């Protein structure tokens, strides 16, 4: 089985730090806020890029309050099945920034797209999100970074903390076979295995001396 690509915790931290500070003040602040939030929706909620771009503000904020669980509507889901994903604290915080900094005040805002360029009635293009993530990856030394790598990273992290059925539901897979590709050992697993062996050897040596 071909090993999927993910990024480790250090690369995640560098990515988020870069995206949060990418552009200067003024409109740059709004772009940083938007791009940071989009990145977290893939890293912390595992959204496919095609689902991400079709999110509406009303999916994220309702009656002036950020939702505790994001509902990926059936009409935007790749599998045409609705699913729910709890919002992580840092994702909820990023959405709060979108609400206060980026989204224009409007009675119709719940129908506006969450991520757009200048017109909230027109969502950002998938290819633009791909370009943003690729360029950010190049700036932190991860040349192969894509939105799907972020989703892979989310899936792998979920499986380290939970079970394959939970991962299947969060990712919106119809078949558990699709989720099984994330059960592979990754670079962190291999590094942790060597670290554990090394620590065991040190303990044995200290006991023998």
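Every number here is computed from the coordinates shown, using simple stated rules; none is lab data. The shown structure was predicted, so the numbers you read here are calculated from the model rather than taken from an experiment. Methodologically, a virtual Cβ is constructed for each residue, glycine included, from the backbone with ideal geometry; neighbour enumeration extends over all protein chains shown.
How tilted is helix 126-139 with respect to the longest principal axis of the chain? Cα atoms for both, answer in degrees (0 to 90, nearest 10).
With rounding to tens, the tilt is 50 degrees.
Among 46-58, 121-133, what's the highest-first ranking by average C-beta atoms within 10 angstrom per residue?
Details: 46-58: 21.0, 121-133: 15.7.
Result, highest mean Cβ count within 10 Å first: 46-58, 121-133.
Quick one: helix 27-43 against the long Cα principal axis of the chain, what's the angle to the nearest 10°, folded into 0 to 90?
Long axis of 27-43 versus the principal axis of the chain: about 50 degrees.
Evaluate the stretch 9-180: find the radius of gyration of its Cα atoms, find its Kirkwood radius, and give the ratio Rg to Rh.
Working: Rg = 15.5 Å, Rh = 16.3 Å.
Result for the stretch 9-180 is an Rg/Rh of 0.95.
Provide the descending list of Cα extents for the stretch 45-130 along its principal axes, expressed in whole angstroms.
For the stretch 45-130, the Cα extents along the three principal axes come out at 33, 27, 22 Å.
If one takes the longest principal axis of the Cα atoms in the chain, at what angle in degrees, from 0 to 90 and to the nearest 10, does the Cα axis of helix 9-20 lie?
Helix 9-20 and the main axis of the chain meet at about 20 degrees.
With each pseudo-label sitting 7 Å past Cα toward Cβ, what's the residue 67-residue 138 distance in nm, one decimal?
Calculated label separation equals 3.5 nm.
What number, in percent, do you get for the relative contact order of the stretch 9-180 if the mean sequence gap of Cα pairs under 8 Å and at least 6 apart is divided by its residue count? Walk me through the numbers on the way to the answer.
On the way: 228 pairs, mean separation 45.0, N = 172.
Relative contact order of the stretch 9-180: 26 percent.
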